[in-house]
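The values are calculated or read from the model by the stated rules, or taken from the named source; none is laboratory data. Just so it is clear, the structure is predicted and the values come from calculations on it, not from any experiment. Note: ideal-geometry Cβ built from the backbone for every residue, glycine included; neighbour counts use all protein chains shown. Each accessible area value is taken on the protein alone, full model and side chains, heavy atoms only, with ligands, DNA and RNA left out. Shrake-Rupley method; radii C 1.70, N 1.55, O 1.52, S 1.80 Å.
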Amino acid sequence: MEETVRFERDGHVAIITLNRPDELNALNYATLERLGDLIEQVRLDSKDIRVLLIKGEGRAFCAGADLKERRTLNEQQVRRNVRKIRDVFTALERLPQPTIALINGFAFGGGFELALACDFRYAVEEAKMGLTEVSLGIIPGAGGTQRLSRLISPAKAKELILTARRIQANEACRLGILNGVAQDGEQLLELAMGLAQEILGNAPLAVYQAKAAIDRGSSVDLQTGLDVETMCYEVIIPTKDRLEALEAFREKRKPVFKGE
């Protein structure tokens, strides 16, 4: 039986692929468990895995929760699933490595929330996305109300969530949800890998701490954010990569970073 989530490597880039194309990559409990395990694997291998890509197989990125499974669950099991999806997406968001979502098609509900938990998002032109939960009698439960309102304005997030509106990629890009729009799947992968390669040219520990400074500092006041930045900088001072960069500058060559 083929795995519901595939994992592969391309150098220092890890690629996670949701692999339930017949179900539009909907997230049942088994898929969430597998996704969570892979995210933890990426976290533990942060020296070698330096960027993570997440994509979907077939014509969808992820259609959200598996409603076929959801109909069979009692209230306690529903609560279990909601906690699981929230915990998995939070673990994704807290990875030290930069993460990139490749939205190749539909991204609704939990699927859109999965993309919002990533650092960067690219989509093909025909992709449609939205937090559509209120049309199903529920609300976004995997961070959508919080992440979307922080990414764009609270008022615009309310407009999209309370109307269960589905938007296309160009509109999402205009709103600042996407980092770019591709013509097709091939160009989508090129955009994501291009960004990954740019990131990989830099010192990985510095990249991780820069991400941490932004993430931790963005929800606090400026002075606290500056203190966070100082703490992240302190982590970098004793690293071998910092000294390597100085030596490379002296010798007029490209630095060779080892994540140390």
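Report residue 106's accessible area, 1.4 Å probe, all protein chains in place, as a number in Å² to the nearest 10.
Rounded to the nearest 10, the figure is 60 Å².
Give the shape of the range 203-251 as rounded, prolate or oblate, defined through the alpha-carbon gyration tensor: a ≥ b ≥ c are the square roots of its eigenvalues, a/c under 1.5 means rounded, and otherwise the shape is prolate if a/b is larger than b/c and oblate if not. Walk me through the intermediate numbers first.
Numbers: a/c = 3.29, a/b = 2.67, b/c = 1.23.
Verdict is prolate for the range 203-251.
Would you work out if the range 132-174 is rounded, prolate or oblate? Take a ≥ b ≥ c from the square roots of the eigenvalues of the alpha-carbon gyration tensor; rounded if a/c is under 1.5, else prolate when a/b is larger than b/c, oblate otherwise.
oblate
Rounded to the nearest 0.05, what FRET efficiency is calculated for residue 242 and residue 9 with R0 set to 22 Å and r the Cβ-Cβ distance?
0.25
As a test of the formula, what do you get for the chain when each DSSP H run with n ≥ 4 contributes -39,500 (n - 2.57) and the sum is divided by the residue count, at 222 nm and rounded to the nearest 500 deg cm²/dmol?
That calculation yields -15000 deg cm²/dmol at 222 nm.
For the range 1-30, state which GluC sites (Glu not before Pro) are in a DSSP loop and have at most 14 other beta carbons lying within 10 Å of their beta carbon.
Working: sites: 2, 3, 8, 23; in loops: 2, 3.
Answer in residue order: 2, 3.
Using a Förster distance of 30 angstrom, determine the FRET efficiency expected from the C-beta separation of residue 82 and residue 155, and round it to 0.05.
Calculated transfer efficiency: 0.70.
If each Cα of the range 5-200 is one equal point scatterer, what is log10 of I(q)/I(0) from the Debye formula at q = 0.08, 0.12, 0.16 Å⁻¹?
Calculated log10 I(q)/I(0) at the listed q: -0.23, -0.53, -0.97.
Which lysines have a Cα lying under 22 Å from the Cα of residue 211, excluding residues fewer than 8 positions away in the same chain?
Filter leaves 47, 55, 240, 258.
How many percent of the accessible area of the chain is carbon or sulfur, using a 1.4 Å probe?
Values: 7070 of 13710 Å².
The nonpolar share, carbon plus sulfur, comes to 52 percent.
Enumerate the whole-percent occupancy of each 10 Å bin, from 0 to the last occupied one, for all C-alpha pair distances of the range 37-118.
17, 43, 32, 7, 0
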